[in-house]
1. Could you tell me how many of the residues in the stretch 61-101 are modelled with pLDDT under 85, part of a helix (DSSP H, G or I) and exposed (fewer than 10 other Cβ atoms within 10 Å of the Cβ)?
2. Starting from the stretch 38-57, take each residue that is on the phi > 0 side of the Ramachandran plot and at pLDDT 80 or above and list its partners that are part of a helix (DSSP H, G or I) and surrounded by fewer than 14 Cβ atoms within 10 Å (Cβ to Cβ), counting only C-beta distances under 9 angstrom and pairs at least six apart or across chains.
3. I need a count of the residues in the stretch 2-52 that are more than 24 Å from residue 102 (Cα to Cα) and surrounded by 11 or more Cβ atoms within 10 Å (Cβ to Cβ).
4. Is it the case, given these coordinates, that residue 102 is touching a residue at least 12 places away in the same chain (Cβ under 8 Å) and touching a helix residue (DSSP H, G or I) at 6+ places or on another chain (Cβ under 6 Å)?
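The values are calculated or read from the model by the stated rules, or taken from the named source; none is laboratory data. These numbers were taken from a predicted model, which means no experiment stands behind them. Cβ: placed from backbone, ideal geometry, glycine included. Neighbour counts: every protein chain shown.
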């Protein structure tokens with residue numbers, strides 16, 4: 001009984017530590033490569049860079065919570081298509097900013 005409780009506590013601590021390590025690595029990559037400022041420079045919206053950062057943080061948090069608690073929202077195909085299009089545009093802009101930062105030609 002006590003061994004299973006200790007094992008559960010160890011698993012929780014290990015999971016949190018792994019999440020912090022991975023999250024820290026992703027944020028370090030985004031900060032070191034200046035992806036968000038370059039994205040705002042490309043779009044001419046540098047005065048709204050805090051909106052990009054907030055969208056990235058809130059999206060990551062909501063995505064994590066939705067994955068853990070298995071959320072599902074029946075929106076229908078039209079709304080799902082619009083949301084998917086907006087997500088694709090945002091990811092495409094982040095990829096464009098990344099290629100600009102790394103000075104790499106994108107492969108089509």
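1. 2
2. Qualifying pairs under 9 Å: none.
3. Of the stretch 2-52, the ones more than 24 Å from residue 102 (Cα to Cα) are 2-20.
From what's left, surrounded by 11 or more Cβ atoms within 10 Å (Cβ to Cβ): 19.
Count: 1.
4. On the way: touching a residue at least 12 places away in the same chain (Cβ under 8 Å): yes; touching a helix residue (DSSP H, G or I) at 6+ places or on another chain (Cβ under 6 Å): no.
When the stated conditions are applied, residue 102 does not pass them.
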